[in-house]
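The values are calculated or read from the model by the stated rules, or taken from the named source; none is laboratory data. Note that this is a predicted model, so its numbers are computed, not measured. We place every Cβ from the backbone using ideal geometry, glycine too, and count neighbours over all the protein chains shown. Quick note on the areas: whole protein, heavy atoms, side chains included, nothing else; ligands and nucleic acids left out. Shrake-Rupley method; radii C 1.70, N 1.55, O 1.52, S 1.80 Å.
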Amino acid sequence: PTSHWFFIGGQIGIGKTHICIAICCELIKRGFVVKSIQWREFFSDLKHIMSKQESIYEQITELKKVQVLFIDDLFKSGYDKRPTSWELDIALEVINYRNRENLSTVFNSELNINEILSIDESIGSRIYEMAKEYTFDIPKDIGKNIRLLKK
């Protein structure tokens, strides 16, 4: 079976997470097992586990092997911060595995695909290669942020 990858990046507040959740809900309805993580929270949790000198192997293995993985806010590491080399190493390990094993993956990010490529070309090019026609970059325009619209 062919895996499907989906990527949407760019403008904040346009519903990227909402779209990804809708995709995941439909996949769950069709019987797929979906794991969802929020980038920043996931790595914060890993650091906490490691601070107790426990292994993070189980958490990483689950991301690698779940039928469908949804990564919310890929590379969001704080205001104007880039992901650490440790975060990039884990992301590459997970993405490589999912690519090789043909497992579906859904991503969103405040970054567009070119910005992801500039942070880590091997990760960005794998995402683009696997998502291709399901890659959407929304140009940045604060006027599109629905959170800022008056009710």
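A few comments on the model shown:
- In the range 43-59, the residues that are among the hydrophobic types (A, V, I, L, M, F, W, C) and either at pLDDT 95 or above or not in a helix (DSSP H, G or I) (or both): Ile56
- Taking every residue in the range 81-110 that is among the small types (Gly, Ala, Ser) and pairing it with any residue that is part of a helix (DSSP H, G or I) and open to solvent by 10 Å² or more (accessible area, probe 1.4 Å), at least 6 positions away or on another chain, the pairs with Cβ-Cβ distances below 9 Å are Ser104/Leu27; Ser109/Lys16; Ser109/Glu115.
- Where a residue in the range 129-151 is more than 20 Å from Leu74 (Cα to Cα) and its partner, wherever it lies, is among the hydrophobic types (A, V, I, L, M, F, W, C), with Cβ under 6 Å and at least six apart: Lys144/Ile14
- Residue match in the range 43-58 (condition: without any contact (Cβ under 8 Å) to a residue 24 or more places away in the chain, under 21 Å from Lys81 (Cβ atoms) and small (Gly, Ala, Ser)): yes
- Residues of the range 50-78 that are in contact with a Ser or Thr (Cβ under 8 Å, 6 or more places away or on another chain), of a type outside the set (Lys, Arg) and open to solvent by less than 80 Å² (accessible area, probe 1.4 Å): Val68, Leu69, Phe70, Ile71, Asp72, Asp73, Leu74, Phe75, Ser77.
- Check on Asp137, of a type in the set (Asp, Glu), more than 18 Å from Lys35 (Cα to Cα), outside any loop (DSSP other than H, G, I, E, B) and in contact with a helix residue (DSSP H, G or I) (Cβ under 8 Å, 6 or more places away or on another chain): yes
- Some residue of the range 110-117 being of a type outside the set (Asp, Glu), at pLDDT below 95 and either open to solvent by 40 Å² or more (accessible area, probe 1.4 Å) or within 24 Å of Thr61 (Cα to Cα) (or both): no
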